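The structure appears right after this line, and notes come after that.
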Amino acid sequence: ITISGEEFIRRFLMHVPPKRFVRIRHYGLLSSRNKKKKITLCRNILGCKKYISKLKDMDAPAIIRLLYNKDICKCSS
């Protein structure tokens, strides 16, 4: 897509807030207060399963052993 400089500036300025406009950063879906509840609700509505990492309860040496097939606890001499 190719747009003129004038169109680019117009689109860019659509993202500039008006004078004295205050943005609320910690509000909405990802606000800390109810983040887990809201994300769970969204997953349920969308029919998504919660992602659970296979590496969650593993320590660093075990993860490296699993991913790279190397035991960093043994000396390689």
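The values are calculated or read from the model by the stated rules, or taken from the named source; none is laboratory data. This is a predicted model, so every value here is computed, not measured. Note that each Cβ is placed from the backbone with ideal geometry, even for glycine, and that neighbours are counted across all protein chains shown.
Does the stretch 18-63 hold any residues that are among the basic types (K, R) and assigned to a loop (DSSP other than H, G, I, E, B), and which are they?
Listed by number, the residues that qualify are K19, R20, R23, R25, R33, K49, K50, K54, K56.
Within the stretch 1-55, restricting attention to residues that are within 30 Å of L66 (Cβ to Cβ) and surrounded by 10 or more Cβ atoms within 10 Å (Cβ to Cβ), which residue is modelled with the lowest pLDDT?
By that ranking, first place goes to K35.
Are there any pairs, at least 6 apart or on different chains, whose C-beta atoms fall under 8 Å, with the first in the stretch 1-27 and of a type in the set (A, V, I, L, M, F, W, C) and the second in a helix (DSSP H, G or I), and if so, which?
Listed pairs, sorted by first residue: I3/R11.
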